[in-house]
Amino acid sequence: MTTTLADGGGLLAHVLVPVATEEDALATARALEPHDPGRVTVLHVVEKGGGTPDKTPVEQSEELAEASYAAVRTVFPEADDHTAYARDVVGAIFEAAAAVDASAVAYRSRGGNRLLQFLSGDRSLRLVTEAECPVVALPGDSEGD
């Protein structure tokens, strides 16, 4: 049974959906779809190096963002988009949520092994422990995402 919380300005009235890649964006949109959010804003954070070289060139990151937005719009055609440029991805997610007046952040964990999570600062853990707004963890697919 799927619970819909979008009615009456609830938790899913306006969801901010952070995505990393086109594939991640599509999988996240599909995981969110059964929950019938009222409004969706897709967020892509372009990671800045903060004094070190950027992980990817800005132009490449912006192209990745556009492909991610297009993927979400195959599920949510009216989705808005928001691009942030920051060193701290989790901080940028919360700043974007405030900027677009989101009722919640909905994300899919990207997994990874424990070492990778430790080295990256485990963004999922930070999302839920440093939350400045409600955070909804969406289920992965049946293939082990």
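At-a-glance table
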{"item": "Verdict on ALA92 being assigned to a helix (DSSP H, G or I), at pLDDT 85 or above and over 18 Å from ARG39 (Cα atoms)", "result": "yes"}
{"item": "Residue match in the range 77-85 (condition: surrounded by 15 or more Cβ atoms within 10 Å (Cβ to Cβ), modelled with pLDDT of 85 or more, outside any strand (DSSP E or B) and in contact with a helix residue (DSSP H, G or I) (Cβ under 6 Å, 6 or more places away or on another chain))", "result": "yes"}
{"item": "Total residues in the range 123-145, condition modelled with pLDDT of 60 or more and among the acidic types (Asp, Glu)", "result": "2"}
{"item": "Residue list for the range 65-76, filter: at pLDDT 95 or above and in contact with an Asp or Glu (Cβ under 9 Å, 6 or more places away or on another chain)", "result": "GLU66, ALA67, SER68, TYR69, ALA70, ALA71, VAL72, ARG73, VAL75, PHE76"}
{"item": "Per-region count, the range 96-122, residues modelled with pLDDT of 70 or more, part of a helix (DSSP H, G or I) and either among the hydroxyl-bearing types (Ser, Thr, Tyr) or crowded, with 16+ Cβ neighbours inside 10 Å (or both)", "result": "2"}
{"item": "Pairs with Cβ under 6 Å, 6+ apart, first in the range 29-46 and in contact (Cβ under 8 Å) with a residue 60 or more places away in the chain, second part of a strand (DSSP E or B) and acidic (Asp, Glu)", "result": "THR41/ASP80"}
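The values are calculated or read from the model by the stated rules, or taken from the named source; none is laboratory data. Note that the structure is a prediction, hence the values are computed from the model and not measured. With ideal geometry, Cβ positions are generated from the backbone for all residues, glycine too; neighbour counts draw on all protein chains shown.
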